[in-house]
Amino acid sequence: WILGAQASITAIENIRVPVIAAIQGACVGAGVDLIAACDLRFATVDSKFCIKEVDLAVVADVGTVQRLLPIIGYGRLAELTYTAETFSGTRAEAIGLVGATYASGEALMAAVDALAESLAAKSPLTVRGVKQNLLYSRDHTVAEGLEYAAGWNAAMLISSDITEAVGAYLGKRQAVFED
């Protein structure tokens, strides 16, 4: 069962485009597992977060520990995992769990929608490459990450996306990419 649950959350991480989490209300236990697999996370100031598993006599086993370690660091992750402390969206932003907080759900969704539109206007091939390189570099040494990036760009620099991006820049117009 646990391996199946892990695979479900990992499927979110493996989506080829950036996944944006917009958190309102409670984000507890499996909710934290889910947002940890997202590329970008934003919340309302009054949202509540908790890595609850220790209070249920289980070790967080679906990805919270593994994915949040490079995001918020060992000390903060250890504290939150050992204590099952409930904390606000404001604290989540302060520790780097979320990129920003918003006063209301409406403001949160407006910001997330604008971000999604901005990302969707970029080269799909490059956005996928950024995601792949981020995930690869998270799990490998700097030297391995550099080699991976060099290989990626060597293969992708011949794409029509680069021609469109440079042409749009030189022509002072918005680039239009095909996916």
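Here are the numbers for the structure shown:
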{"item": "Simple spin-label estimate for Y148 and I71 in nanometres, 7 Å along Cα-Cβ", "result": "1.8"}
{"item": "Debye equation applied to the C-alpha atoms of the chain, log10 I(q)/I(0) at 0.09, 0.11, 0.15, 0.18 Å⁻¹", "result": "-0.39, -0.57, -0.96, -1.21"}
{"item": "Candidates per trypsin sites (Lys or Arg not before Pro) in the stretch 123-172, loop by DSSP, up to 10 other Cβ within 10 Å", "result": "K172"}
{"item": "Shape category assigned to the stretch 5-51 from the gyration tensor of Cα positions, a/c cut at 1.5", "result": "oblate"}
{"item": "Positive minus negative residues near A36 (Lys, Arg vs Asp, Glu; Cβ under 11 Å)", "result": "-1"}
{"item": "Over the chain: helical MRE at 222 nm, DSSP H runs n ≥ 4 each giving -39500 (n - 2.57), nearest 500", "result": "-17000 deg cm²/dmol"}
{"item": "Beta bridges per DSSP with both ends in the chain, % antiparallel, nearest 5", "result": "15"}
{"item": "Cut-off of 10 Å, at most 14 other beta carbons, DSSP loop: longest stretch of the chain lacking such GluC sites (Glu not before Pro)", "result": "86-177"}
{"item": "Inter-label distance for A84 and I162, nm, one decimal - labels placed 7 Å from Cα along Cα-to-Cβ", "result": "5.3"}
{"item": "Trypsin sites (Lys or Arg not before Pro) restricted to the stretch 1-105 and DSSP loop, no more than 14 other C-beta within 10 Å", "result": "R16"}
{"item": "The chain: DSSP helices with Cα axial extent of at least 20 Å and average Kyte-Doolittle hydropathy no lower than 0.5", "result": "105-120"}
{"item": "Segment L56-L3, length gained on full extension (0.36 nm per residue, minus Cα span)", "result": "17.2 nm"}
{"item": "Compactness of the stretch 1-91 as Cα Rg over 2.2 N^0.38 Å, two decimals", "result": "1.03"}
{"item": "Sparsely packed chymotrypsin sites (Phe, Trp or Tyr not before Pro) within the stretch 1-78, loop by DSSP, other Cβ within 10 Å at most 14", "result": "W1"}
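Quick note: the coordinates plus some simple rules give every number you see, no bench work behind them. Just so you know, these numbers come straight off a predicted model, no measurement behind them. Because the Cβ atoms are built from the backbone with ideal geometry, glycine has one as well, and the counts that use them run over all protein chains shown.
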